[in-house]
């Protein structure tokens, strides 16, 4: 091996270590109008009921995403879902925020599977592999939307608020 | 009690005088409806004509520096859209600052200021450059004391804030009021949106490349600039790693604030309004020209581990690794960027040095 290729290899290993370490350290927080605020690690997510969906990403191809239904995470935090999603609780909304600061909004009703009949996934793997850096460790996947602009990469936090 | 009516009249006269003295005029912030109202002005610092005028004076006031020679405006020059034409700025110590001075424009809509987003709100932001030993190098308390000794300022602070002695908090409040008025929305690009002018053929081609993401499989070419620098204000409040270094070591950017490794080398995505006036570019001012900036995004960026996803996936050639625009396409984009220069912003007398108005 030439010195240059050794340098490249070492550099590659360094970047890989950096990447793995940082991805493992990431958490997903659930805050706001919930009974129990949560800070979930990747292994916490693995301990919850797993769900899979198949959906088309921006590349136009079908992918198999695995993770936990957003509803299951919100229920664990004690958000007002299902039978409780009535009256003033219908004026609640969810802000999902990414690591870079990008944020998008959902009404609480549209993310509740029981209310809207749709499954939104907090994915941690795609086609059997963990989500890569820049995408993971967590990503929102919304299979029935035509544009993936709310498929937040590097999902960091979910906050439920009341519209005031 | 002969004098009672007279005394009453006197009291009424004096109290009305006192009231008018404290009566402030709300400042009307004007901006296109497309900019939206996604901003918050602190309840205890509403924007008034009088507060803005005081803030403007303070912005140009060298007494706020330890040497009485440096004002905010020294490194945020109106001619450069309130940025510095130096790579790094020089303050009271003579030592260059760590980062390139940011353009002060449309800050009304920015929540977390600086290249790394460390300060929440303009009132808190102002504390940093005022006190930093390589910028203005003077504590707020010292500034307040200096201003208290002038003939000009005590009555102005009294008028705006109803306070008998100047405090550091009120200095930053007045500065923030002035900064909220620095709104730029009258570039040739803005006028073209209103149908008041037309862009040239090159500018129009550049606009399309700027706004569009590439899709070589469908024969669509684009620079995908608007993905991050888009929207009516040509900014989003996000922090990205744009591949300036393979791993950011000397300046870790947002990571220094959040301690999150994924934030390594992430910096604010700046607004591109007046971008032709704010050279040099990037947080360290490493690029002298827009040509160099375009070359970076098109040909040179590093594949850092947390490189912005959009840079990683935007290719004009099916087998390309980077953007792959042609040199004439890059020229067109630069032609478009020059249409974002708002000459009325940099010549607006309301933003100029108030101590030089009698020229």
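The values are calculated or read from the model by the stated rules, or taken from the named source; none is laboratory data. As the structure is a computational prediction, the values presented were derived from the model and not from experiment. Glycine also receives a Cβ, built like all others from the backbone with ideal geometry; neighbour counts cover every protein chain displayed.
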Subset of the range A:99-131 that is assigned to a loop (DSSP other than H, G, I, E, B) and out of contact with any strand residue (DSSP E or B) (no Cβ under 8 Å at 6 or more places or on another chain) - its residue that is nearest to residue A:81 (Cα to Cα)
A:112
Quick one: which helices (runs of 4 or more DSSP H) lie wholly within the range B:39-136 and hold at least 1 residues that are surrounded by fewer than 18 Cβ atoms within 10 Å (Cβ to Cβ)?
B:49-59, B:122-125, B:127-131
Do we have residue A:66 as more than 14 Å from every other protein chain (Cβ to nearest Cβ), in contact (Cβ under 8 Å) with a residue 12 or more places away in the chain and within 14 Å of the chain's Cα centre (by Cα) here?
yes
Failed condition for residue A:104, given (1) surrounded by fewer than 22 Cβ atoms within 10 Å (Cβ to Cβ); (2) more than 14 Å from every other protein chain (Cβ to nearest Cβ); (3) touching a helix residue (DSSP H, G or I) at 6+ places or on another chain (Cβ under 9 Å); (4) under 30 Å from residue B:305 (Cα atoms):
(2)
With the requirement that a residue be away from every other protein chain (no Cβ under 11 Å), within 19 Å of residue A:101 (Cβ to Cβ) and assigned to a loop (DSSP other than H, G, I, E, B), what does the range A:132-151 give you?
A:138, A:151
State whether the residues of the range A:77-95 include one that is over 21 Å from residue A:46 (Cβ atoms) and within 14 Å of chain B (Cβ to nearest Cβ).
yes
Checking the condition under 30 Å from residue B:59 (Cα atoms) and either modelled with pLDDT of 95 or more or part of a helix (DSSP H, G or I) (or both), which residue from B:333, B:346 passes?
B:346
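Condition check ((1) crowded, with 20+ Cβ neighbours inside 10 Å; (2) touching a residue at least 60 places away in the same chain (Cβ under 8 Å); (3) within 14 Å of another protein chain (Cβ to nearest Cβ)) across all residues:
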| residue | (1), (2), (3) |
| --- | --- |
| B:242 | yes, yes, yes |
| B:251 | no, yes, no |
| B:254 | yes, yes, yes |
| B:259 | no, no, yes |
| B:271 | yes, yes, no |
| B:282 | no, yes, no |
| B:289 | no, no, no |
| B:299 | no, no, no |
| B:321 | no, no, no |
Within the bounds of the range A:36-54, is there any residue that is surrounded by 14 or more Cβ atoms within 10 Å (Cβ to Cβ), closer than 19 Å to residue A:119 by Cα and within 14 Å of another protein chain (Cβ to nearest Cβ)?
no
Return only the number of the condition from (1) closer than 21 Å to residue A:37 by Cα; (2) under 13 Å from the mean Cα position of the chain (by Cα); (3) surrounded by fewer than 18 Cβ atoms within 10 Å (Cβ to Cβ) that residue A:163 does not satisfy.
(2)
Look at residue B:171 and say whether it is crowded, with 16+ Cβ neighbours inside 10 Å, in a loop (DSSP other than H, G, I, E, B) and in the same structural domain as residue B:126 (by TED's automatic domain parsing).
no
If we scan the range A:71-83, do we find a residue that is touching a helix residue (DSSP H, G or I) at 6+ places or on another chain (Cβ under 7 Å), part of a helix (DSSP H, G or I) and without any contact (Cβ under 8 Å) to a residue 60 or more places away in the chain?
yes
